[in-house]
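Just below is one structure, and these are the notes that go with it.
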Amino acid sequence: MDSQVRAANFARFRPQIVGRTMFDYGYPNWGENPPFHAPVFVLTHRGQERIDKNGGTSYTFVTGGIQAAVEQARAVADGKDVLLAGGVGIAQQALAAGLAAEVVLHVTPVLLGRGVRLFGAVQVDLRCIEAIHGEDAVHLRYEAR
């Protein structure tokens, strides 16, 4: 059930936005045919040339801030939603700028140690619009108002 919920959720999206840290950690492992199969926009202070991979994945490095990354992603979305996938910083910036329509959380009962609070620095009004109790996780969808 959990994999079905995640798959249905990801089917709504085409382009994704990730932070530089997620890119730097993931890129060596994603290989020549990364799992995205869509344009990925990397929000960074260190720009570089676009990287094209197999399966339709491309990495475009955006140095103009979260607004610019969202605008570029929306321009290639082909009617689908944009997924803000990588990093608490990305989520906080998008929420603070009013660029996120929804927040989707897949909560699993695993303690990983320390981390960064998702909503610690951001004031956002959330309304729960879906809660699914899966086998391994609780899947929550909130409307950001």
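FYI, it's all coordinate maths here, none of it is from the lab. Predicted model only: the values in this text are computed from it and were never measured. Here Cβ is always computed from backbone atoms with ideal geometry, including for glycine, and neighbour counts include all displayed protein chains.
Computed quantities for the displayed model
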{"read-out": "Phi to ³J(HN,Hα) by Karplus 6.51 cos²θ - 1.76 cosθ + 1.60 over region 27-37, Hz, x for Gly, Pro", "value": "3, x, 8, 6, x, 7, 10, x, x, 6, 6"}
{"read-out": "Footprinting exposure proxy for SER58, SER3 (fewest neighbouring C-beta atoms within 10 Å first)", "value": "SER3, SER58"}
{"read-out": "About the Cα centre, charge dipole magnitude for region 1-126 (Lys/Arg +1, Asp/Glu -1 at Cβ), debye", "value": "160 debye"}
